[in-house]
Amino acid sequence: MGETGAELSAAIRRLKEERDALILSHYYQRPEIQDIADFIGDSLELSRRAATTAAKVLVFCGVHFMAETAAILSPEKVVLIPDPRAGCPLAEMITPEALRARKAELRGPVVVAYVNTTAAVKAESDIVCTSANAARVVRSLPPEKDILFVPDRNLGLYAAAQNPDRKIIFWDGYCPIHDQMRAEDILRAKQEHPAAEVIAHPECRPEVLALADKVASTSGMLRYALDSAAREFIVVTEEGLLHQLRRQNPEKKFHLASPRLVCPNMKRTTLDKVYRALRDLAPRVTVPEDVRERAVQAVERMLALG
Ligand code: 13P
């Protein structure tokens with residue numbers, strides 16, 4: 001298109017009004033995408049916002065399962081994803097067939113599905129959770145039931161540690177970005193920045209979380225950094241979060257624990273693709289109605305927990 005970023009952003013804003021569209025962005029998006037968004041949030045906040053907005057069109061700047069969750073909650077809306085190749089490798093680590101087979105083996109466990117799953121997997125699950133509420137969702141379930149937690153084993157282990165009275169069976173999935181962090185990475189960062197507090201996402205391995213001062217979802221980390229008396233932080237999540245951390249705390253310092261904390265799928269969204277999605281009302285994300293009807297129950301059970 002050849003336009004500058006500022007021209008593109010202005011064109012997006014105009015088109016957004018014409019289309020009665022809302023731009024939703026996850027915290028891992030590029031700074032310029034976060035800056036044109038109407039709403040930035042973690043997975044839980046984005047689902048809630050998608051469920052309650054009056055806008056006709058949602059442009060979901062995130063990865064595919066996030067746009068799908070919006071389509072599950074708002075089938076009457078046009079849900080757009082600027083780049084349909086923005087997938088989530090964690091969500092691809094479980095299929096509905098494999099989940100059905102495991103449920104049969106375990107003779108009917110309660111299935112908790114992390115929101116990072118396809119609609120078809122949510123349709124096979126009893127309740128959805130996000131990183132912000134995983135422990136709470138587990139606690140809400142009948143204590144006598146076996147719980148199958150899918151697909152993120154690190155988040156499952158974290159939720160289990162806070163619910164030691166529950167019997168939880170884990171799936172062996174993981175986020176390749178968070179799971180690659182090791183205790184050595186954190187120890188090295190702490191050596192470089194001895195005064196810094198460590199804030200980590202629960203998709204990290206237990207050995208990493210054990211070294212953290214705070215474990216939280218992306219918005220939980222933002223709240224913590226704002227409230228903490230510390231002046232410096234080592235951030236153990238995708239680098240996109242640094243944009244809001246720095247914006248909200250200009251006097252504090254934030255160090256990414258490792259330059260490897262970059263999700264290539266989250267970075268697929270560009271201003272140019274957002275512009276084209278609004279112009280063409282495509283690519284659109286839809287969920288077959290029979291899948292949606294089952295998946296929405298699992299999502300709504302989570303949202304009903306408040
Ligand atoms: P949050 O729910 O913390 O935003 O995390 C989403 C995610 O996909 C982390 O990799």
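Go through Leu58, Leu22 for me and flag whichever is part of a strand (DSSP E or B) and in contact with an Asp or Glu (Cβ under 7 Å, 6 or more places away or on another chain).
On inspection, the qualifying residue turns out to be Leu22.
For segment 169-198, how many residues are open to solvent by less than 30 Å² (accessible area, probe 1.4 Å) and either assigned to a loop (DSSP other than H, G, I, E, B) or of a type in the set (Asp, Glu) (or both)?
Going through segment 169-198, the residues open to solvent by less than 30 Å² (accessible area, probe 1.4 Å) turn out to be 169, 173, 175, 177-179, 181, 183, 185-186, 189, 196, 198.
Of the ones still in play, those that are also either assigned to a loop (DSSP other than H, G, I, E, B) or of a type in the set (Asp, Glu) (or both) are 175, 179, 181, 185, 196.
Matching residues across segment 169-198 total 5.
Report, ordered by the first and then the second residue, all pairs with beta carbons closer than 6 Å, sequence separation of six or more or different chains, a first member in segment 231-249 that is in the same structural domain as Met221 (by TED's automatic domain parsing) and within 17 Å of Cys204 (Cα to Cα), and a second member that is β-branched (Val, Ile, Thr) and more than 14 Å from the ligand (Cβ to nearest atom).
Ile234/Val198
How about segment 131-153: which of its residues are polar (S, T, N, Q), surrounded by fewer than 21 Cβ atoms within 10 Å (Cβ to Cβ) and within 17 Å of the chain's Cα centre (by Cα)? Show your work before the answer.
So in segment 131-153, the residues polar (S, T, N, Q) come out as 131, 133, 140.
From the residues that got through so far, the ones that are surrounded by fewer than 21 Cβ atoms within 10 Å (Cβ to Cβ) too are 140.
Once the filter is applied, which keeps residues that are polar (S, T, N, Q), surrounded by fewer than 21 Cβ atoms within 10 Å (Cβ to Cβ) and within 17 Å of the chain's Cα centre (by Cα), segment 131-153 yields nothing.
So, in segment 31-45, of the ones that are out of contact with any helix residue (DSSP H, G or I) (no Cβ under 6 Å at 6 or more places or on another chain) and in a loop (DSSP other than H, G, I, E, B), which residue ends up nearest to the ligand (Cβ to nearest atom)?
Across segment 31-45, the extreme among qualifying residues is Ala37.
So the check is Cβ under 8 Å with 6+ separation or different chains; which pairs have a first residue in segment 156-168 that's assigned to a loop (DSSP other than H, G, I, E, B) and a second one that's acidic (Asp, Glu) and open to solvent by less than 80 Å² (accessible area, probe 1.4 Å)?
Qualifying pairs under 8 Å: Lys167/Asp146.
What tally of residues in segment 68-88 results from selecting those that are of a type in the set (A, V, I, L, M, F, W, C), open to solvent by less than 10 Å² (accessible area, probe 1.4 Å) and within 13 Å of the ligand (Cβ to nearest atom)?
Residues flagged as of a type in the set (A, V, I, L, M, F, W, C), open to solvent by less than 10 Å² (accessible area, probe 1.4 Å) and within 13 Å of the ligand (Cβ to nearest atom) within segment 68-88 amount to 1.
Considering Gly62, Gly41, which residue is surrounded by fewer than 24 Cβ atoms within 10 Å (Cβ to Cβ), touching a Phe, Trp or Tyr at 6+ places or on another chain (Cβ under 9 Å) and under 30 Å from Lys16 (Cβ atoms)? Before the answer, list the steps.
Details: Gly62 fails: surrounded by fewer than 24 Cβ atoms within 10 Å (Cβ to Cβ).
None of the others qualify; the one that does is Gly41.
Among the listed residues Arg231, Arg205, identify the single one that is more than 16 Å from the ligand (Cβ to nearest atom), open to solvent by 10 Å² or more (accessible area, probe 1.4 Å) and over 22 Å from Ile36 (Cα atoms).
Values: Arg205 fails: more than 16 Å from the ligand (Cβ to nearest atom).
Unique residue meeting the criteria: Arg231.
Return the residues of segment 199-230 that are in contact (Cβ under 8 Å) with a residue 60 or more places away in the chain, out of contact with any Ser or Thr (no Cβ under 6 Å at 6 or more places or on another chain) and assigned to a loop (DSSP other than H, G, I, E, B); say none if nothing qualifies.
Initial filter on segment 199-230 (in contact (Cβ under 8 Å) with a residue 60 or more places away in the chain): 201-203, 216-220, 222.
When the remaining residues are screened for being out of contact with any Ser or Thr (no Cβ under 6 Å at 6 or more places or on another chain), the result is 203, 216, 218-220, 222.
If the condition is that a residue be in contact (Cβ under 8 Å) with a residue 60 or more places away in the chain, out of contact with any Ser or Thr (no Cβ under 6 Å at 6 or more places or on another chain) and assigned to a loop (DSSP other than H, G, I, E, B), then Glu203, Ala216 are the ones that fit.
The values are calculated or read from the model by the stated rules, or taken from the named source; none is laboratory data. Since the model is a prediction, treat every value here as computed from it, not as a measurement. Don't worry about glycine lacking a Cβ; one is built from the backbone with ideal geometry, like all the others, and counts go over all protein chains shown. Surface accessibility is based on the protein's heavy atoms, side chains included, excluding ligands, DNA and RNA. Shrake-Rupley method; radii C 1.70, N 1.55, O 1.52, S 1.80 Å.
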